[in-house]
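Notes to accompany the following structure.
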Amino acid sequence: MEFKKCDRCGCFFLSDSNVCYNCSPKDSFEMSKLRNYLESENYSNSIDSISVDTGISVKNLNRYFENKEFSKISSKLNIGTNININL
């Protein structure tokens, strides 16, 4: 286990995860919401539009699109150079 700073709220905690115990359910819920949104296959190709449609912040969307599960989708998005998504 490592001493880490939560990617969502910024608090410090001990874990192998990137989010603290309090934020883990929120992350799981938002990832499920994003998964359902992307399964509709009628989703926007803009990260800002996805944020508006799902209610998930751009910051968290950027984190989720770094996840292997969403990496194929992120390559299809029309992402401007001012958006920080590592493909």
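Assess whether Ser49 counts as being assigned to a helix (DSSP H, G or I) and over 20 Å from Gly10 (Cα atoms). For Ser49, the condition - assigned to a helix (DSSP H, G or I) and over 20 Å from Gly10 (Cα atoms) - is met.
From the list Leu61, Leu77, Leu14, the one residue that fits, being open to solvent by less than 40 Å² (accessible area, probe 1.4 Å) and at pLDDT 85 or above, is Leu61.
Would you be able to tell me the number of residues in the range 1-10 that are open to solvent by 50 Å² or more (accessible area, probe 1.4 Å) and in contact with a Cys (Cβ under 6 Å, 6 or more places away or on another chain)?
Adding up the residues that qualify gives 2.
Scan the range 17-40 for residues that are in contact with an Asp or Glu (Cβ under 8 Å, 6 or more places away or on another chain) and open to solvent by 60 Å² or more (accessible area, probe 1.4 Å) and the total you get is 2. For Ser46, the requirement of being at pLDDT below 90 and small (Gly, Ala, Ser) is met.
The values are calculated or read from the model by the stated rules, or taken from the named source; none is laboratory data. The model shown is predicted, which means the values in this text are computed figures rather than measured ones. When we count neighbours, we look across all protein chains shown, and the Cβ atoms used for this are built from the backbone with ideal geometry, even at glycine. Quick note on the areas: whole protein, heavy atoms, side chains included, nothing else; ligands and nucleic acids left out. Shrake-Rupley method; radii C 1.70, N 1.55, O 1.52, S 1.80 Å.
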